[in-house]
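Every number in this text was worked out from the coordinates using simple rules, so none of it is lab data. Keep in mind that what you see is a predicted model, and the values were worked out from it rather than measured.
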Amino acid sequence: MVDAVKESLCVNRIVGSKTFTITVEGDVIIPDVKPDILNSISMTGNVCIYKKEILEGKIRLDGNVNVYLMYMADSEDRRVRGFNGGIDFTEVLDFPRNRP
């Protein structure tokens, strides 16, 4: 007797590639427990895309930008402070699929 084992096979295939530039704008609210900003020293951000959805001729991306802000505090000692925040975004990109 022969035992057969059934396994699923997942194949990923590139159907196209395209480069997009997306501008994400938003407000980052500094909590009341932190001093106000006198001036910004630097800001960095990391993009995290947590959902991708393929639509007819389009791609929808849901994600956020994790932001780190270094700033000089508007206080008597004017110390350098830091803050972590995030800006959520949803973007729908045109991506027509060309069929041979």
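Values computed for the structure shown
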read-out	value
Cα-based reach from Lys58 at 12 Å (exclusive), listing aspartates and glutamates while leaving out same-chain residues under 8 positions away	Glu91, Asp94
(i) -0.93, -1.14, -1.20; (ii) -0.71, -1.05, -1.20; (iii) -0.78, -1.10, -1.27, with the label sought being that of the calculated log10 I(q)/I(0) by the Debye sum over Cα atoms at q = 0.15, 0.21, 0.24 Å⁻¹	(iii)
